[in-house]
Amino acid sequence: MDLNDSPEQAEYRQKVRAWLQEHKAQAPEARSTRAGAEDDAYVDARRRWQGQLAEGGLAGVTWPVDVGGQGLGPIEQVIVSQEIARAGVPGILDVIGVGMLGPTIIAHGTEEQKARYPGPMLHGDEVWCQLFSEPGAGSDLAAVQTRARLQDDGTWVLNGQKVWTTNAQFAAYGLLLARTDPEQHKHKGLTMFVLPMDAEGVTVRGLRQISGEAEFNEVFLDDVRLPADAVVGQVNDGWRTALTTLMFERVTIGLGSEGMGYKEDRFARAIAADPDARRDPDVRKRLGEIAVELLAIKFTGYRTLTMLAKGQIPGPEAGLAKVTTVNAAIAAGELIADVLGPDALDEDDQWAYMISFLPGLKSAGGTEEILRNTIGERVLGLPPEPRLDKGVPFSELRAKEREAAPA
């Protein structure tokens with residue numbers, strides 16, 4: 001296997017590197033947060049920078065040319081991500097929109113939708129959010145209960161609640177999954193909608209994290225009226241549309257570790273700065289184990305790139321990248337905290353946000369438990385775990401727990 005750039009890729013890399021070198025002085029600072037969730041000025045700066053990246057051909061690299069993209073392959077996208085990380089500048093603000101929702105609209109949207117939405121999304125003029133998870137439908141996405149009822153005039157009225165919605169506080173639009181036919185099987189009777197976040201009846205409330213920010217949100221929908229042309233894909237076929245989003249989500253997360261900054265050499269430099277840590281065999285062993293995990297993810301990403309380059313769709317094994325990256329980064333944060341002591345938790349320290357933010361990331365993009373089950377059953381061929389509680393009401397389960405608990 002030759003992991004070096006081909007001559008064409010090397011030429012493209014130099015082109016990207018030169019553009020970033022020329023324009024990096026115009027970039028906002030690269031903060032530890034993904035968006036600077038509550039800093040309006042920083043969000044505006046990131047919007048403008050995304051617009052510059054788009055003008056330079058460094059956003060929407062794999063998007064078709066007719067919707068404003070570059071029409072290139074996934075390897076070129078990774079080259080762009082690597083060079084952005086190397087330059088020390090932020091990437092695009094709207095990773096969710098450009099990485100997951102834009103491709104869904106391109107694949108399933110009407111001609112009018114493809115003409116209206118991708119351009120402003122790509123340039124950061126309109127940020128998007130993903131309205132999938134609900135209080136009772138997180139890992140089991142097909143259990144969503146937000147209802148969309150068809151009216152006599154062809155419009156839809158939505159009622160329900162979404163939760164853990166990243167960037168909803170400054171998003172212009174969201175891609176929302178709702179139940180349109182409750183009589184059908186749960187994977188059927190679902191429909192995808194474009195939701196203007198400023199529509200009457202939409203309420204966004206921030207969820208405060210241990211990091212101190214409210215990057216995630218809960219979104220309430222009270223008699224929100226949408227036109228007939230808000231449907232993406234086919235009515236009652238929203239599960240198929242959602243699978244496209246989820247597939248791109250796995251790839252975006254799985255190949256995004258470069259941009260997330262969770263790299264073995266970064267952690268090694270922080271620890272090597274302490275002379276006692278350099279000589280400690282336990283520290284060296286722990287760092288080595290973390291580095292092995294992150295390097296394994298890098299080479300697994302190369303396998304994913306090979307599949308994409310051949311026109312294949314990555315399977316559920318792509319979810320392993322997210323599980324491993326997050327757990328390795330959590331372990332790195334714990335090791336750095338052990339080496340640096342309380343200084344690592346100083347709010348001005350580069351590690352404080354990472355240490356407080358990462359545990360919550362175990363639930364983002366599919367909970368770790370669900371991803372492990374999926375990998376075990378569908379990749380390793382392990383038998384499903386017996387469900388002894390299947391069909392038993394929750395109240396009965398709680399009663400049995402109380403009976404079994406020691407006095």
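State to the nearest 20 debye the size of the charge dipole of the range 128-237 about its Cα centre, where the only charges are +1 on K and R beta carbons and -1 on D and E beta carbons.
Details: 9 positive and 15 negative charges, 52 e Å.
Computed charge dipole of the range 128-237: roughly 260 debye.
Hey, can you find the accessible area per residue of the chain for me, probe 1.4 Å, expressed in square angstrom?
51
On the protein heavy atoms, probe 1.4 angstrom, tell me the percent of accessible surface of the chain carried by carbon and sulfur. Show your work: numbers first, answer last.
Working: 10800 of 20940 Å².
That share works out to 52 percent.
Taking springs between alpha-carbon atoms closer than 10 angstrom, which of P182, P359, P275 fluctuates most in the Gaussian network model of the chain?
Result: P275 has the largest fluctuation of those listed.
Take the residue pairs K285/K322; K15/K298; K188/K322; K162/K362 and return only those whose Cα atoms are more than 25 Å apart. Please list the in-between numbers first.
On the way: K285/K322 23 Å; K15/K298 23 Å; K188/K322 28 Å; K162/K362 19 Å.
Beyond 25 Å between Cα atoms: K188/K322.
What size of dipole, in debye to the nearest 20, comes out for the chain about its Cα centre when the only charges are +1 on Lys and Arg C-beta atoms and -1 on Asp and Glu C-beta atoms?
Here the size comes out at about 920 debye.
How high is the relative contact order of the range 152-309? Use alpha-carbon pairs under 8 Å, at least six apart in sequence, and give a whole percent.
22
Would you be so kind as to identify which of T245, L308, G102 lies farthest towards the positive end of the dipole of the chain, taking Lys and Arg as +1 and Asp and Glu as -1 on Cβ and the Cα centre as origin?
Of the listed residues, the answer is L308.
Pairs of alpha-carbon atoms within less than 8 angstrom and 6+ residues apart define the contacts here; what relative contact order does the chain have, in percent?
Relative contact order comes out at 12 percent.
Would you work out which of Q21, L380, A329 lies farthest towards the positive end of the dipole of the chain? Charges go on Cβ: Lys and Arg +1, Asp and Glu -1.
Projecting each Cα onto the dipole axis, the largest value belongs to L380.
Rank these residues by their accessible area, most exposed first, probe 1.4 Å: I84, I355.
I355, I84
Using alpha carbons only, how many angstrom separate the centre of the range 283-349 from the centre of the range 97-155?
30
Work out the length of the dipole vector of the range 257-366 about its Cα centre, built from +1 on the beta-carbon of each Lys and Arg and -1 on the beta-carbon of each Asp and Glu, and round it to the nearest 20 debye.
740
The values are calculated or read from the model by the stated rules, or taken from the named source; none is laboratory data. A quick note: this is a predicted structure, and the numbers were derived from the prediction, not measured. Counting neighbours? That spans all protein chains shown, and the Cβs are built from the backbone with ideal geometry, glycine included. Protein only, heavy atoms only, side chains kept; ligands, DNA and RNA dropped before computing areas. Shrake-Rupley method; radii C 1.70, N 1.55, O 1.52, S 1.80 Å.
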